Structure formats: structure tokens, C-alpha cells
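Written below as C-alpha cells is the structure these notes are about.
The values are calculated or read from the model by the stated rules, or taken from the named source; none is laboratory data. All figures in this text were calculated on a predicted structure; none of them were measured in a lab. Neighbour counts are summed over all protein chains in view; Cβ atoms, including those assigned to glycine, are modelled from backbone coordinates with ideal geometry. Calculation scope for accessible area: heavy atoms of the full protein, side chains included, ligands and nucleic acids excluded. Shrake-Rupley method; radii C 1.70, N 1.55, O 1.52, S 1.80 Å.
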Amino acid sequence: MIPSGARVLVATKPVDFRKGPDGLVALVRDAGADPFSGTLYVFRSKRADRVKIVWWDGTGLCLFAKRLDEDRFRWPRIEDGVIRLSGAQLQALIEGMDWRRVHLLRVRRPQSAG
């Protein structure tokens with residue numbers, strides 16, 4: 001679902017979840033961002049049990065939505081602004097895991113002899 005290497009931006013303030021893809025794209029534009037850049041824009045509900053993601057895949061506008069039945073997503077603190085996540089962190093968030101515990105592995109390259 002998550003395009004490889006995609007930029008992921010999370011709105012930290014809850015939005016009205018009656019909004020569909022066009023309403024969410026309007027929020028992206030109002031924030032001064034380009035909704036057709038391929039960036040994944042992630043939105044949360046007030047109760048923290050729902051997530052919506054909107055992005056342009058090059059052929060059309062995509063909307064992903066998920067609601068957890070018995071738990072809540074682990075969201076950043078509510079404040080005005082946006083945070084950036086890695087694809088792995090977004091995947092953890094979508095699965096209901098604590099995305100803050102996901103760290104990028106740094107690969108050590110062997111030093112060449114010489």
C-alpha cells in the first residue's frame with residue numbers, strides 16, 4: 001500500500017472525518033502543500049481510533065481509511081503542525097503499533113582494504 005520511498009506527512013491536529021478525498025486535498029492545499037506530489041498525507045480523527053491517508057499515485061487520487069475496533073492509534077501529541085514519518089513508521093502506525101519505536105537501520109559498509 002505504501003509506495004516505496006514515499007514522503008509521509010502527518011497532520012498532528014484531528015480533522016473532521018466526514019471529509020472525503022477532495023476535502024482532505026483541500027486541507028493539504030490550505031496548508032500550502034502540493035497534494036499531487038506523491039506525498040502521503042495522513043490525518044487522524046478526534047477519538048484517535050481512525051486514520052485516513054490521501055495521495056496522488058500518478059493516475060488518480062487514492063484514499064486509505066482504517067478504524068480500529070478495540071484500540072487506538074498511537075498519534076503524536078495534538079498541536080498545530082505536521083511531522084514526517086518513514087514508510088516503516090507509517091506501516092507501524094497503521095497496524096496500531098507504537099511507531100516511535102521504529103528506527104531506521106543503519107547499514108555499516110565494510111571498509112575496503114587499501
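For segment 11-27, enumerate the residues that are open to solvent by less than 30 Å² (accessible area, probe 1.4 Å) and part of a helix (DSSP H, G or I).
Those that are open to solvent by less than 30 Å² (accessible area, probe 1.4 Å) and part of a helix (DSSP H, G or I): Gly23, Leu24, Val25.
Of the residues Asp34, Asp71, which single one is more than 25 Å from Met97 (Cβ to Cβ), without any contact (Cβ under 8 Å) to a residue 40 or more places away in the chain and open to solvent by 40 Å² or more (accessible area, probe 1.4 Å)?
The unique qualifying residue is Asp34.
For Leu40, are the conditions met, namely being within 18 Å of Ala88 (Cα to Cα), modelled with pLDDT of 95 or more and hydrophobic (A, V, I, L, M, F, W, C)?
yes
Could you tell me which residue of segment 43-59 is nearest to the chain's Cα centre (by Cα), considering only residues that are among the β-branched types (Val, Ile, Thr) and either open to solvent by less than 30 Å² (accessible area, probe 1.4 Å) or modelled with pLDDT of 95 or more (or both)?
Checking each candidate, the answer is Ile53.
Those residues that are farther than 12 Å from Val42 by Cα and of a type in the set (Lys, Arg), I need them from segment 68-91; list them, please.
Across segment 68-91, the qualifying residues are Arg72, Arg74, Arg77.
Residue check: is Arg84 open to solvent by 60 Å² or more (accessible area, probe 1.4 Å) and within 10 Å of the chain's Cα centre (by Cα)?
yes
For segment 44-85, which positions are touching a Lys or Arg at 6+ places or on another chain (Cβ under 6 Å), outside any loop (DSSP other than H, G, I, E, B) and farther than 19 Å from Ala33 by Cβ?
Scanning segment 44-85 gives Arg50, Ala65, Arg67.
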